[in-house]
1. Among the trypsin sites (Lys or Arg not before Pro) within the stretch 99-185, which fall in a DSSP loop and have no more than 10 other Cβ atoms within 10 Å of their own Cβ?
2. For a test of the definition: using alpha carbon positions, the gyration tensor, and the 1.5 limit on a/c, classify the stretch 24-74 as rounded, prolate or oblate.
3. With a cut-off of 8 Å between alpha carbons and a minimum separation of six or more residues, what is the relative contact order of the chain in percent?
4. Show me the ranking of peptides 75-83, 235-243 by mean Cβ neighbours inside 10 Å, starting with the highest.
5. Which entry in (1) 52; (2) 47; (3) 64 matches percent of Cα pairs over 25 Å apart derived from the coordinates of this structure?
6. In deg cm²/dmol, rounded to 500, what helix-only [θ] at 222 nm does the chain give when every DSSP H run of at least 4 residues adds -39500 (n - 2.57) and the total is split over its residues?
7. Roughly what % of DSSP beta bridges within the chain run antiparallel, to the nearest 5?
8. Using the heavy atoms of the protein chains and a 1.4 angstrom probe, tell me the accessible area per residue for the chain in square angstrom.
Amino acid sequence: MHTCYAHPVSHLRPGDVELLKALYSVGSTAEGARVLGVEQSTVSRRLARVEERFGRDLFVRTASGLIPTPFGERLRPLIGEAQGALARADALIEASQSEVSGSVRLALPEAFAHHIVVPRLGELQRQHPRLELVLDDGPDLVDLQRAEAHIAVRVPRPRAGNVVVKRYLTDTLALYGAPDYVRARAFEELTLLGWDDRLDHLGEARLLTRYPLRPDLRFCRMTTMLAAAMNGLGVALIGSLMAREVGLVRADAPVEMPEGGAVLWLAAPTSLRDTPAVDAVWRFLEGIADEARRSLPT
């Protein structure tokens with residue numbers, strides 16, 4: 001008949017390894033207390049509890065100090081191994097807390113994703129090769145409180161609590177079109193690209209109602225509207241940053257036109273904002289904004 005015994009180290013609890021390592025090293029409870037920075041009675045009490053869990057003595061108490069028992073001698077190398085394993089575990093935990101890795105879901109407007117973020121993603125990949133980025137560029141707003149996204153660039157400012165919010169980019173709106181299209185026509189001959197009536201709540205749609213031109217082509221998606229402008233089908237009311245990125249030029253009006261601005265907000269759930277992966281993406285997006293601000297007209 002064979003009896004199965006648990007591995008001796010399985011009897012150890014947090015702090016036991018440090019205690020035994022000190023006692024093996026200095027050979028007395030008094031010196032062990034000095035090394036550990038506690039009272040000698042605390043060391044004696046903790047050692048007694050460890051021995052009780054093992055069901056046998058680890059040391060013989062003598063007037064000159066502690067002498068390991070035969071079982072204690074067999075345990076000594078295992079304590080050294082456990083100490084090394086704990087040190088490696090601490091290093092792994094510390095590295096994981098600062099390492100940029102894992103998956104981050106980034107929600108952002110479709111056109112901003114296509115024309116501003118994606119062309120610059122190579123830089124983020126080079127800096128953080130273990131980062132997995134999921135781009136959510138659909139038309140629906142994500143719920144940051146429920147962590148449907150880890151970070152978001154969006155037009156309406158998030159109002160919910162437990163969300164970190166920062167004004168990201170502000171740009172001036174104007175009419176832009178393809179260079180050949182704009183330069184070949186008088187202003188009143190331009191075709192205005194507008195929004196579908198279901199999107200009348202958009203700031204750009206409301207501003208367009210004050211323009212002398214009336215939309216001849218209407219859209220539900222900004223990327224499609226930009227494609228129309230880039231292909232010479234008309235002029236679109238967009239910000240100067242986006243216009244520059246896609247190669248459009250401003251259509252100057254002969255009269256003063258109503259002015260408006262576009263504001264983008266950067267946001268993340270408070271609980272996730274300072275995690276290494278989210279912070280890396282946040283800083284990457286801030287870099288894009290800094291670059292844009294330096295290039296935008298003042």
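1. Values: sites: ARG105, ARG120, ARG126, ARG130, ARG146, ARG154, ARG159, LYS166, ARG167, ARG183, ARG185; in loops: ARG130, ARG146, ARG159, ARG185.
Listed in order of number, the matching sites are ARG130, ARG146, ARG159.
2. Values: a/c = 2.01, a/b = 1.34, b/c = 1.51.
In terms of gyration-tensor shape, oblate.
3. Details: 421 pairs, mean separation 58.8, N = 298.
The value is 20 percent.
4. Working: 75-83: 15.4, 235-243: 23.8.
Per-residue mean Cβ counts within 10 Å order the peptides as 235-243, 75-83.
5. Computed from these coordinates, percent of Cα pairs over 25 Å apart corresponds to label (3).
6. Numbers: 10 runs with 117 residues, N = 298.
Rounded to the nearest 500, it is -12000 deg cm²/dmol.
7. Working: 22 of 36 bridges.
Of those bridges, close to 60 percent are antiparallel.
8. Numbers: 16990 Å² over 298 residues.
It amounts to 57 Å² per residue over the chain.
The values are calculated or read from the model by the stated rules, or taken from the named source; none is laboratory data. It should be emphasised that the depicted structure is a prediction, and the values quoted were computed from it without experimental measurement. Note: ideal-geometry Cβ built from the backbone for every residue, glycine included; neighbour counts use all protein chains shown. Just the protein is used for accessible areas: all its heavy atoms, side chains included, with ligands, DNA and RNA removed. Shrake-Rupley method; radii C 1.70, N 1.55, O 1.52, S 1.80 Å.
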